[in-house]
1. Compute the Rg/Rh shape ratio of segment B:75-114: radius of gyration over Kirkwood radius, all on alpha-carbon atoms.
2. Quickly work out the A:Gln19-to-B:Arg17 label distance, labels modelled 7 Å from Cα along the C-beta direction, and quote it in nm with one decimal.
3. Taking the Cα centre of segment A:60-108 as origin, work out the dipole magnitude from +1 charges on Lys and Arg Cβ and -1 charges on Asp and Glu Cβ, in debye rounded to 20.
4. Which values of log₁₀ I(q)/I(0), to two decimal places, follow from the Debye formula for segment B:48-114 at q = 0.13 Å⁻¹ with a uniform point scatterer at every Cα?
5. Take every Cα-Cα pair in segment A:3-61 and report what % of them are more than 17 Å apart.
6. Hey, any idea what Rg/Rh is for chain B, computing Rh the Kirkwood way over Cα pairs?
7. For the protein assembly as shown, what are Rg and Dmax over the alpha carbons, in angstrom?
8. With no solvent and one point per C-alpha, what does the Debye sum give as log10 I(q)/I(0) for chain A at q = 0.16, 0.19 Å⁻¹?
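Just so you know, all these numbers are worked out from the coordinates, no wet-lab data involved. In this text the structure is predicted, and so the values were computed from the model without any measurement. When we count neighbours, we look across all protein chains shown, and the Cβ atoms used for this are built from the backbone with ideal geometry, even at glycine.
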Amino acid sequence: GQNIDQPTEMTATEGAIVQINCTYQTSGFNGLFWYQQHAGEAPTFLSYNVLDGLEEKGRFSSFLSRSKGYSYLLLKELQMKDSASYLCAVRDGDYKLSFGAGTTVTVRA
Amino acid sequence: IAGITQAPTSQILAAGRRMTLRCTQDMRHNAMYWYRQDLGLGLRLIHYSNTAGTTGKGEVPDGYSVSRANTDDFPLTLASAVPSQTSVYFCASSDSDSGGNEQFFGPGTRLTVL
């Protein structure tokens with residue numbers, strides 16, 4: 001099984017940077033995903049890491065260290081529309097996703 | 001249809017009743033999934049299907065059943081609903097179980113069992 005931990009809540013100011021950490025313990029590893037979920041809506045895909053290092057996609061970057069069981073999602077130049085929950089998910093050896101409980105990010109003006 | 005759809009959007013159900021949540025995708029994805037999302041617990045996998053004709057159990061399968069008669073449809077059935085099955089249910093699909101292919105989620109069904 002999987003044990004995935006991420007902070008429950010974070011607050012940041014518009015224009016700032018926020019880093020959401022995710023730690024995991026797995027029985028197998030085949031990649032780590034980050035999803036964004038606005039209140040009352042479905043999760044949408046943000047990023048995927050399978051090798052160590054940083055993946056950059058516009059204002060969003062995701063980092064993975066497999067040896068440490070650690071990932072982070074970096075949100076730069078925060079905008080009000082970035083207020084949402086961010087879900088860390090690990091794909092195991094059977095290619096099934098296990099999700100963390102999510103981190104609710106609130107962006108303030 | 002564009003993407004993945006679910007029906008109904010929401011439902012209030014008496015305990016003991018049978019209920020089927022519908023999920024349809026038009027992306028020709030071979031893999032489909034059912035999750036439930038509860039406050040503080042995140043998304044938990046109920047059942048999955050890697051391809052038409054096959055299904056498997058996820059983390060929380062008890063009280064639920066699924067079928068995959070064709071590529072597009074993946075209904076989830078609660079044979080006899082209980083209040084603990086009150087949740088938001090998301091269906092998802094993906095092109096393949098390998099590589100970086102992400103799962104696409106439907107809009108969800110909000111189910112309340114009284």
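1. Rg/Rh: 1.13.
2. 5.0 nm
3. 80 debye
4. The Debye formula, applied to the Cα set alone, gives -0.42.
5. 52 percent
6. 0.95
7. My reading of the Cα-based Rg and Dmax gives 17.5, 51 Å.
8. Normalising to I(0) and taking log10 leaves -0.65, -0.91.
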